[in-house]
1. If I ask for residues that are part of a helix (DSSP H, G or I), more than 12 Å from residue 68 (Cα to Cα) and either open to solvent by 80 Å² or more (accessible area, probe 1.4 Å) or at pLDDT below 90 (or both), which ones from the range 15-25 would you list?
2. Determine which member of the set 68, 73 is under 18 Å from residue 20 (Cβ atoms) and either surrounded by fewer than 21 Cβ atoms within 10 Å (Cβ to Cβ) or of a type outside the set (Gly, Ala, Ser) (or both).
3. If a residue has to be farther than 15 Å from residue 97 by Cβ, buried (at least 18 other Cβ atoms within 10 Å of the Cβ) and either modelled with pLDDT under 90 or aromatic (Phe, Trp, Tyr) (or both) to count, how many in the range 169-196 make the cut?
4. Tell me which residues, restricted to the range 33-52, are surrounded by fewer than 16 Cβ atoms within 10 Å (Cβ to Cβ) and under 14 Å from residue 76 (Cβ atoms).
5. Quickly run through the range 143-168 and pick out the residues that are of a type in the set (D, E, K, R) and either assigned to a loop (DSSP other than H, G, I, E, B) or loosely packed, with under 15 Cβ neighbours inside 10 Å (or both).
Amino acid sequence: MVSAGHDPRPAAGRPRRADARRNYEQLIEQAKIAFAEFGVDASLDEIARRAGVASGTLYRHFPKRLDLIEAVLSEQIAQLVDLGHRLLTAEDAFDALSTWMRAVLRHGLTYRGLSAAVMDSALNHEDGPVSTWHAQLFEAGAALLARARQTGVIVSDANDADVMRMIGAIAWAAQDAPDSSAQADRLFALLMNGLRQGGVHR
């Protein structure tokens, strides 16, 4: 599991000099913004420009687009895993589960084009860093689902893998809609109402 404050990026890929480290961090930050605006096909040259570095600097740190995507994902997923851990102690188990699942859904919408693939990679236990990160994400979700079942706030037969796949499916279904956020909210409400023990939440 990724613990709070742990940086899951490979040590070999981390720049050592202070200026190189600043460039690296700026590239990650600007990539987060660009991916949120334009998806994972955002212009790498534009990311470099926003970060205030030459394109060559970006490609030295991240030779392939996937390298940059993985660096951004590693930070985002670590934050989601940490959120899941913290919500395990929340008073309301249903609200804790809903809060975490909504955060995962927003993550999937932000990195559109990857949401279904990365979730499937975790559930199918494929090799590679993305599947590892999402396996950790899955474990955090499973813990919240287990707590919700144990406290009786969701139906007892809610399957962890099914629920996690539905989050990915909602992100995939809504990603290209004109009102993607609103559609995702509607689909998410249907999912949570289906999970809730005793019916629709008022």
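1. 18, 19, 20, 21, 22, listed by residue number.
2. On the way: 73 fails: under 18 Å from residue 20 (Cβ atoms).
68 is the lone residue from the list that is under 18 Å from residue 20 (Cβ atoms) and either surrounded by fewer than 21 Cβ atoms within 10 Å (Cβ to Cβ) or of a type outside the set (Gly, Ala, Ser) (or both).
3. Residues flagged as farther than 15 Å from residue 97 by Cβ, buried (at least 18 other Cβ atoms within 10 Å of the Cβ) and either modelled with pLDDT under 90 or aromatic (Phe, Trp, Tyr) (or both) within the range 169-196 amount to 4.
4. 33, 36 - these are the residues of the range 33-52 that are surrounded by fewer than 16 Cβ atoms within 10 Å (Cβ to Cβ) and under 14 Å from residue 76 (Cβ atoms).
5. Selection gives 157, 162.
The values are calculated or read from the model by the stated rules, or taken from the named source; none is laboratory data. It should be emphasised that the depicted structure is a prediction, and the values quoted were computed from it without experimental measurement. Note that each Cβ is placed from the backbone with ideal geometry, even for glycine, and that neighbours are counted across all protein chains shown. Quick note on the areas: whole protein, heavy atoms, side chains included, nothing else; ligands and nucleic acids left out. Shrake-Rupley method; radii C 1.70, N 1.55, O 1.52, S 1.80 Å.
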